[in-house]
Amino acid sequence: MERLDAGARVAVIGAGPGGLVAAKEAIEAGFEVTVFEASDDLGGQWNTAAAHSGIWPGMRTNTSRAMTAFSDFPPPPTHELHPFAEQVHDYLRSYADAFGVAERIRFHTRVDDVRPAWLVDGEPFNAVIVATGRFRRPVLPAGLSGFTGEVLHAFDYPGADHFRGRRVLVYGNGVSGHEIASDLATVTDVVSAYRKPRYILQKNVDGVSSDWQWYTHVGALRRAAMPPADYGELLRERVLRVAGNPADFGALEPGRDFLTAGHSLCQDYLEQVRAGAIVCRPVIVEARGDQVTFADGSHERIDAIVCTTGYRLDIPFLSPDLWSVLGPDLRLHLRTMHPDLPFFGVVGEFNLQGPYFPLLELQARWIVNTWTGVGPGLDDVAARAGIASPPPVVDSHNVLAVALAEAAGVAPDVRSRVDLAEPLLLGPMLPPRYRLDGPGARADAATTFRHQLAASPRAPVEPDDVAALVELGYGDLLPAVDPADAPGS
């Protein structure tokens, strides 16, 4: 692939987390960067005052403080374990100021047309990075036209006080569905209806954030090595042990196949179901007047419906010739680049289970390193294989993180860091791990990694994860990972 020279003009579209980290990496590479932002402030969804933000007042992240941050800019220790939206916005402002991104942003500038070689609304650039985010175009379900109460999407959820004293149905059971139902249950009666029951994890168990427990390097390797049914059963057993079966709380029981059923996060939802503050129902079959009928034949009188039914892919400014290459489902290798579109990258256009920020940064670093010729770059054979099959509906944080870090050449060299082997393989995938080795490595990364690791408790390591290291090719590290397995012990 050709390289971009220093001083090349790079357009970054969007000033949310993905756009900010992409601009920062491009600036550090010596490119002349312009960031296009339609609103009057940076932050994307975390700019809660903007019309394009679907974050409601007082909302907190479902990812931990350490994982809602970038690798070379640790979050303030004063932030909550799961920060408030306003704290995330403040962090992004500080990040943009620290790395000279803020001064490169053109606010109040909507992009209407991007076409190859490269023009942004007719203005020439050498390269383009699209980072407008995945949560822009809400999807409302069919079948609600006969309902006479208020209907809105989670994107427009104004907070619980708006619904005080009204009976509210929350339709859908992704993370936002559970969080909104839980939020509403503090002020009013709630019905939670959904098509497919999921397993539900608490965000915080005994002080351990879920993203510290469920997304590990060894977990990604085991998922790749095991038959899906076996890996799903492994996860199901662990989730039931830690969080319980939703049916035991009074929620609908998910299917046995964990990977098909899926899982969601909410701290208080299941306990609120147990207490009767939330009533669970299956999919809606009819909504007429103020009466809603469900698939089990039950009925509920409802005043308002909040639909948490997802978002459509929405990048309206890409030209038809770009879509002819990318396809309607945005075929990109590892969600990031296409081998037939040089000097074009995309950051953050995917659905994810787990923290976004570290993956946005890995995408940005891989794109910029490819354009500068630093690191492995974009392998044409791997990229064509990657775009040949449909992308998953939802990516898993650890699986995509391992793949992106290897592609970008920034995966930690575990064998050269035996003292960190245990947390690197079996612990939380803290962002500084991607500054230990490879392009962009920092001398202080190991210290930062240790400090972040010590700042919060960890869940006990699963013994079968340790045992699996042998078949995964890390048997030689067992003495460092588990001293009890050392020869002669």
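No lab work stands behind these numbers, since they all come straight from the coordinates. These numbers were taken from a predicted model, which means no experiment stands behind them. All Cβ positions, glycine included, derive from the backbone under ideal geometry; neighbour counts span all protein chains shown.
General remarks:
- Summing charges over neighbours of D444, with a neighbour being any other residue whose Cβ is under 12 Å away from its Cβ, gives +2 when K and R count +1 and D and E count -1.
- Over the range 140-309, the ratio between the Cα radius of gyration and 2.2 N^0.38 Å evaluates to 1.09.
- Among 192-200, 75-83, the order from most to least packed when residues are scored by Cβ within 10 Å on average: 192-200, 75-83
- Label-point gap, in nm, between R442 and L472 - each point 7 angstrom along Cα→Cβ: 2.6 nm
- Residues of the range 393-415 with an amide N closer than 16 Å to a point placed 7 Å from the Cα of L313 along the Cα-to-Cβ direction: 393-395.
- Taking a ≥ b ≥ c as the square roots of the eigenvalues of the alpha carbon gyration tensor, the range 1-140 is oblate, as a/c is not under 1.5 and a/b does not beat b/c.
- Taken along the Cα-to-beta-carbon direction at a fixed 7 Å, the label points for D248 and D121 span 5.6 nm.
- For the range 301-308, backbone phi angles converted through the Karplus equation (6.51, -1.76, 1.60; θ = phi - 60°) give residue-by-residue couplings of 7, 10, 9, 8, 10, 9, 8, 10 Hz, Gly and Pro being listed as x.
- Protection proxy ranking, highest mean first, for peptides 46-53, 125-132, 310-317: 125-132, 46-53, 310-317, where packing is the per-residue count of other beta-carbon atoms within 10 Å, averaged.
- Cα-based Rg of the chain normalised by 2.2 N^0.38 Å, two decimals: 0.99
- Here, P(r) means the percent of Cα pairs in each 10 Å bin from 0 to the largest distance; for the range 331-473 it is 11, 38, 35, 15, 1.
- Fully extending the segment from D40 to L240 would add 67.5 nm, taking 0.36 nm per residue of separation and subtracting the current Cα-Cα distance.
- When only the Cβ of Lys, Arg, Asp and Glu is charged (+1, +1, -1, -1), the dipole of the chain relative to its Cα centre reaches about 520 debye.
- What you get for the range 140-309, charging only the Cβ of Lys and Arg (+1) and of Asp and Glu (-1), is a dipole of about 320 debye around the Cα centre.
- Calculated [222 nm] ellipticity per residue, helices only, for the chain: -8500 deg cm²/dmol; basis is -39500 (n - 2.57) per DSSP H run with n ≥ 4, divided by all residues, nearest 500.
- Each peptide among 322-329, 423-430 gets the average number of other Cβ atoms lying within 10 Å of its residues, and from highest to lowest they stand as 423-430, 322-329.
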